[in-house]
Protein chains: 2
Amino acid sequence: MKTDVLSASESTRFDDEVDVLVVGLGAAGAAAALTAIEEGASVLVAERAGGGGGTSAMSGGVIYLGGGTGLQKACGFPDSVEAMFRYLMASVGHGMDEDKIRLYCEGSVAHYDWLVAQGVPFKASFYDGYSGEPPTDDGLVWSGSEQVHPFCDIAEPAPRGHAVAFPGLAGHKLMSVLCDVLAQTPAELSFNTVCNALYRQADGAIVGARLRSFGQERHVGARGGVVITTGGFILNDEMLDAYHPEAKSCSLRIAADGDDGSGIRLGMRVGAGTRHLDKISVSLPVTQPWHLKSGLLVNPQGQRFINEDVYYGRLGEHALLHQEGQVWLIVDDEIYTKPEYGFELCAVGETPAELARDLGLPAGALEATIEIFNRHAEQGEDPLFHKRKPYLNPLTKPPFGAIDCTVKNSRYAVFTLGGLATNVEGQVLDPEDRIIPGLYGAGRATSGVSVGGYSSGLSLGTAASLVAGQHGPHPRVPDRTDDHPSD
Amino acid sequence: MKTDVLSASESTRFDDEVDVLVVGLGAAGAAAALTAIEEGASVLVAERAGGGGGTSAMSGGVIYLGGGTGLQKACGFPDSVEAMFRYLMASVGHGMDEDKIRLYCEGSVAHYDWLVAQGVPFKASFYDGYSGEPPTDDGLVWSGSEQVHPFCDIAEPAPRGHAVAFPGLAGHKLMSVLCDVLAQTPAELSFNTVCNALYRQADGAIVGARLRSFGQERHVGARGGVVITTGGFILNDEMLDAYHPEAKSCSLRIAADGDDGSGIRLGMRVGAGTRHLDKISVSLPVTQPWHLKSGLLVNPQGQRFINEDVYYGRLGEHALLHQEGQVWLIVDDEIYTKPEYGFELCAVGETPAELARDLGLPAGALEATIEIFNRHAEQGEDPLFHKRKPYLNPLTKPPFGAIDCTVKNSRYAVFTLGGLATNVEGQVLDPEDRIIPGLYGAGRATSGVSVGGYSSGLSLGTAASLVAGQHGPHPRVPDRTDDHPSD
């Protein structure tokens, strides 16, 4: 979908006028619409799909929350705003937005309470030994690298993955609750509707948009502002070529059909700045079940490059971006378990040397890697990468095997993290950090809390965070008494 | 410097009108201005410094050219357009622009001839054993990784660094020649002059700019177009925060004062697309003299991560971006030579184990790395990283030492590679690849041939390449006979 910029002036006549136009109905769009309704605004939501949900509905329904939420308390896990803040600051990658992270953490307990108040179900039970969305309807999970080096020494670990109580596609459950709530408000929901142009005044302010539905165009004025919540751009090959070509090599792009970056382009065309369009989340979920974290992930030089017990979002980023997706998980007969997600053994050997030959690795390299790991593991240590004790099992029991984790042959799941530049109020900024009046953004169409080193739940979390009343788009809702004294 | 967008209409009256306004006078600005003059345009060049030169004048004056230039022939090095193309396609990083690279290579011989015709001096002599600009006035040098794995197997190697004949700051010589030629044309050169706004019509076309000089503003119409040649943004901390925070850790930012990205921001504010704002060139010149390529560059795990004989532009990129700038060059008494650029020994030991302890590396790791390297080097091989034979000397002669190559303590030289999106005609594109009428760009303000894996001379080369008549900004020069029949 291509976008346009249209000129607006005093004399522009729109087909309709609303206070707030929300473009996109995933978690961010639902939250923006509900907030605006709560503040008394008239709201139109334009969603290009036939119903609400977006990529949020395709997710595992895990939301990254903490600081002592009701669910954390019910499950017996103490947490603090400061620990959550320190973990995120250390883990979410170079170029993180400290102000956004601070507010996200400070508002997290209220954010959880708001979700519960909307009717989003969470079960007060903890599921251990699984990363990301649990296979059950349990409520609390580890969804990041909180327990592992170096983060465990930086911030007191706590599980912060808040999983919506629904086995399987819990993201769908989350979105059906939020969309049901929204359907009971006066908000107009317009499905099968794309926004393909913004109206801009000579002073730069955004005052409306052009919508298109079943071949019909509708020109809508938005007195309070337009909120872009259209998601990322992982399905747009041209944008990936321009900003992050490596993402195209991943086998699984996590996105609903609409994630072609149209909202980001709408913003850029009216002079918006961007942040981190080159940042992606890459998951390599080869260490499920966790038992497989005892394996050694090695590159074509037979060398390890990371503590294998990190969250799979961090594993994938290092494997793809630092090792070009050329990695294998080395196991022995003791720790081998069939991995989930179709990962397969691609080489075996009775000795490390035989395995290395079968894999085509240089003589001596893998053998040295295993020998050094084993020697230290016997002392309960991993001085190279500081993997934790439960996974420090010397690999000694033949046969030895290599699980294929190359980007060509295995599952790398990817989505984009960068987008429009926004401040903590959700206002879109130009390349010099000035506010573009009337333009707001939230969710994956913007650059949010995570710019790398992914922990699950941060996308849903930042998408919905604005409803906690802490930050996010609060388009100016015109006061009708002032604007129209004769009304 | 902040930028603005101004509205232009039929009734806008400019203080002056020219055919072509060039913003910035480095190599790209000089080339753009000379080309426009040649085509009969009236030209105004606005340069914020007190004289011409820009970052180009601070460079080593090496230009990446090939395909069989006069200089290559005179020095006895055969080369072909196809070999140059294959090398660049393989080496310049993910997301390269194939069309630009193709035209750059096809136009390279003519490009060299044009430089010679302007009076840029090149001495027909080859200088070996040094990367980048030679310490002499010799003309031809290796300025990339053409001779090393994997590139030597992809394309027939040839030296392509064309060094301007001037010992020392040869970039200054290049620019003084080009500026002298320009001074003899009718072009108006306005120094101490910034461009802080573009004039845009309602239809999106750029028709002029606001210039500021000593507190005075001047509104200039540009009938044929505005050409942005303002350089990169390595001196703008806010832009680095937004696009590439890691760059800030480097000790040496290579840039003239004006490299604050003002031209990129001027473009973004009128809706231009960008390419690869996250890409940087990082040099780690620790392997000068080349003899030091026999050392082993290792990370905190005591592991090698690259063939140490690659060009230092590639070395620095891998060290900073994949190893977080935590690397050391391991040497023995046999190969040690005092490195240039202030690199220093930071640890020594009579054995590899002692050296590892002194460096604080995990027990056994560095020892294994050296042992594996030595074992293969004795056979003349490096199966891990394929370093070439002249540098495959087993490290056996004590004492052993580590040269500090950490980003904190040593020289990492950095500049930005991304910028405005342009087509091969130099026309600036919006985020959906549509031409923005009247806006052109060249040089480091745009994304050019290199988006990583740097070879020296590509910045000067792409900056000046437009003059080869192959590509680059050719603003439409209005035909006065048509426009003003009464003239």
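Here the stretch B:49-158 is treated with +1 on each Lys and Arg Cβ and -1 on each Asp and Glu Cβ, and its dipole about the Cα centre works out to around 200 debye.
In chain B, the longest principal axis of the Cα atoms and the axis of helix B:170-183 are about 10 degrees apart. Our analysis of the stretch A:233-352 gives Rg over Rh at 1.08, with the two radii drawn from alpha carbon positions and Rh computed by the Kirkwood formula. Over all alpha-carbon pairs in chain A, figure out the percentage whose distance exceeds 31 Å. I get 44 percent for the Cα pairs in chain A exceeding 31 Å. Sorted shortest first, the distances from the A:Asp153 label point to those of the same residue in the other copies are 3.9 nm; each point sits 7 Å from Cα along Cα-to-Cβ. Dipole magnitude for the protein assembly as shown: about 140 debye, using +1 per Lys or Arg Cβ and -1 per Asp or Glu Cβ, origin at the Cα centre.
Take the Cα of A:Ala202, go 7 Å toward its beta carbon, and the backbone nitrogen atoms of the stretch B:192-225 under 19 Å from that spot belong to B:197-210, B:219-221. Here the mean projected area of the convex hull built on the C-alpha positions of the protein assembly as shown is 40.3 nm².
Peptide A:91-100 shows a mean partner chain C-beta count of 2 within 10 Å per residue C-beta.
Report relative contact order for the stretch B:383-438 in percent, whole number only (criteria: Cα-Cα under 8 Å, sequence separation at least 6).
On the way: 21 pairs, mean separation 7.9, N = 56.
So the answer I get is 14 percent.
Only Cα sites of the stretch A:347-424 enter the Debye sum here, all with the same form factor; the resulting log10 I(q)/I(0) across q = 0.13, 0.27 1/Å is -0.57, -1.20, listed in q order. As a proxy for reagent exposure, A:Ser42, B:Ser294 were ordered by neighbouring Cβ count within 10 angstrom, fewest first; the result is A:Ser42, B:Ser294. Summing Lys and Arg as +1 and Asp and Glu as -1 over all other residues whose Cβ lies under 14 Å from the Cβ of B:Asp203 gives a net charge of +1.
Taking amide H as placed 1.01 Å from N in the peptide plane, A:Leu277 has its amide H under 5 Å from the amide H of A:Gly419, each at least 5 places away in sequence or on another chain. Between B:Ala124 and B:Ser176, how high is the FRET efficiency from 1/(1 + (r/R0)^6) when r is the Cβ-Cβ distance and R₀ = 22 Å? Nearest 0.05. Calculated value: 0.55.
For the stretch A:141-195, what relative contact order do you get, as a whole percent, if you take Cα pairs closer than 8 Å and at least 6 residues apart?
On the way: 31 pairs, mean separation 12.9, N = 55.
Contact order relative to length: 23 percent.
Need the full-extension length gain, B:Asp257 to B:His386, defined as separation in residues times 0.36 nm minus the C-alpha distance. One decimal, nm.
Details: separation 129, 0.36 × 129 = 46.44 nm, distance 4.05 nm.
Length gained between B:Asp257 and B:His386: 42.4 nm.
Going from the residue with the fewest nearby Cβ atoms within 10 Å to the one with the most, B:Glu217, B:Glu17 rank B:Glu217, B:Glu17. Between the C-alpha center of the stretch B:1-67 and that of the stretch B:195-243 there is a gap of 10 Å. The ratio of the alpha-carbon radius of gyration of the stretch A:282-371 to the globular-protein estimate 2.2 N^0.38 Å is 1.01.
Evaluate E = 1/(1 + (r/R0)^6) for B:Ser11 and B:Val424, where r is the Cβ-Cβ distance and R0 equals 41 Å; express this FRET efficiency to the nearest 0.05. All intermediate terms of the calculation are to be shown ahead of the outcome.
On the way: r = 36 Å, r/R0 = 0.87.
Rounded to the nearest 0.05, the efficiency is 0.70.
Ranking A:Ser131, A:Trp290, A:Ala353 by how far each Cα lies toward the positive end of the dipole of chain A (charges on Cβ) leaves A:Ala353 at the top. Along the axis of the charge dipole computed for the stretch A:84-185 (Cβ charges of +1 for Lys and Arg, -1 for Asp and Glu, origin at the Cα centre), the listed residues A:Ala155, A:Met175, A:Val92 are led at the positive end by A:Met175.
Take every pair of alpha-carbon atoms less than 8 Å apart whose residues are at least six positions apart; their mean separation over the length of the stretch B:320-470 yields a relative contact order of 23 percent. Selection among A:Pro437, A:Ile403, A:Val43 by position relative to the dipole of chain A gives A:Ile403 as farthest towards the positive end (Cβ unit charges, Cα centre). Size of the stretch A:146-246 from its Cα atoms: along the principal axes, largest to smallest, the extents are 54, 40, 28 Å. Taking other C-beta atoms within 10 angstrom as a stand-in for reagent exposure, B:Lys279, B:Lys173, B:Lys73 fall in the order B:Lys73, B:Lys173, B:Lys279, fewest first. For the stretch A:363-410, applying the loop criterion from DSSP together with a ceiling of 16 other beta carbons within 10 Å to the trypsin sites (Lys or Arg not before Pro) yields A:Arg388, A:Lys408. Placing a label point 7 Å from Cα along the Cα-to-Cβ axis, A:Ser125 is separated from the same position in the other copies by 8.3 nm, shortest listed first.
Rg/Rh for the stretch A:1-107 stands at 1.09; both radii use Cα atoms, and Rh follows the Kirkwood definition. For A:Asp16, the point set 7 Å out from Cα toward Cβ sits 5.3 nm from its twins in the other copies, listed from shortest up.
A:Cys346 sits among other residues whose Cβ lies under 12 Å from its own Cβ, and their net charge, with Lys and Arg +1 and Asp and Glu -1, is -2.
Counting, for every residue in B:266-274, the Cβ atoms of other protein chains within 10 Å of its Cβ and taking the mean gives 6. Lysine pairs in chain A whose alpha-carbon atoms fall under 20 angstrom of each other, counting only those eight or more residues apart or on distinct chains, come to 12.
No value in this document is a laboratory result; all are computed from the given coordinates. Because the structure is predicted, anything quoted here is derived from the model rather than measured. Note that each Cβ is placed from the backbone with ideal geometry, even for glycine, and that neighbours are counted across all protein chains shown.
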